[in-house]
Amino acid sequence: MSENLYRIIKINIYIFKKSLFTSILYFQDTNGTRECMKLPHHLEKYYLTTMYSLEFIFGFIGNVVVGLGSLFYWKTWKSGNIYLINLILSDLSFLCTLPWLVSTYSKGTDDNTWCQFNRTILYFNLYTSILFLTFISIDRYLLIKHPFRNHFLQKRATAIVFSVAIWIWIILELSPIYYFITSHKNSNSSKCLDYGSSGDALHSLIYSLILTVTGFIIPLCIMWVFYIKTHALLINHSLQFTTALPLEKPLVLIIMAVSIFSLLFAPYHIMRNVRIASRVSLLWNPSTCTENLIKAVYTITRPIAFLNSVINPIFYFLMGDQFRETLVINVRHFLKRILPFLCGASATSFFRKT
């Protein structure tokens, strides 16, 4: 009895594994070889278009609202404000390319007019965001250590110089990527390829590794260093002062920046290098199925990495005193003037109650 039960369980496990495996893989082509389903194609057509559409809607609204609100709210421009406004400009430049990407992936073809330019802007946003988030973390640490802003790195002129240097550095750093991005041409149409899937694989892998180290790993290490220093400084303050000090906000901001680095950017950089390495025949010769699965996972990580443009407006609410309250009040006053024309008297009575 027990032996028969064991055999039944074993058979069910085998059937489950086989059904799960066949849901991913497509068996038996004309040559009898095993091939994967066209999962990357479906992900590009449905997953990328959905994710990029949502990122454009929420990211554009968030950055425009907070950006305009900050321009009216900030009476004096401090170093952190300068880094944040540059972060807004970087996000908006990226978000403006998303409608083109959505149209490209939904149709599956492209006229290649803006192919290289739009892809370059996409990576331009990624690495400028990384650097500006790094400098924001440094600025938050200095705010705790030097609350009267007497350090030279907290000066407005210094922040402007560093911001210009960041833009110039990213332009120089990403200039080679413009030539790595190519198109795949068919008889009737052409398709703009992502950086990880185009160009010479070996040279692209070398450049991608350099870009990963200089554009991601080094800033990540710097951010971790200042997170540890900020945490140690807060502990020191708590031991010296009996009253609670409002110093937790800078630490929360640094924790958010480190979390974005770890959760959003790390999977993308790992899978981009794996994807390019899978195309280098001298290093690795994976099967068609393995290569398609790698490409599928790489495709999944791409819009996740660019979610930073949607999450970045949260940083603006954590910068400066009473910024969120002021923005909410301004939005409420704006709605009081607009909604009566759209909704009639009911909207006016609602805002009078609130």
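Of note:
- Kirkwood analysis of the stretch 90-228, using all unique Cα-Cα pairs, places the hydrodynamic radius at 17.1 Å.
- For Ser53 and Ala165, the difference between the fully extended length at 0.36 nm per residue and the C-alpha to C-alpha distance is 37.1 nm.
- Placing pseudo-labels 7 Å out from each Cα toward the beta carbon at Tyr178 and His146 gives an inter-label distance of 3.7 nm.
- Residue list for the stretch 113-143, given a label point 7 angstrom along the Cα-to-Cβ vector of Asn236 and an amide N cut-off under 19 Å: 137-143
- Spin-label pair Thr158/Phe72, simplified geometry with 7 Å Cα→Cβ offset, distance in nm: 3.3
Read-outs: derived from the displayed coordinates by stated rules, not from any lab. All of these numbers come straight from a predicted model, not from anything done at the bench. Backbone-built Cβ (ideal geometry, glycine too); neighbour counts: all protein chains shown.
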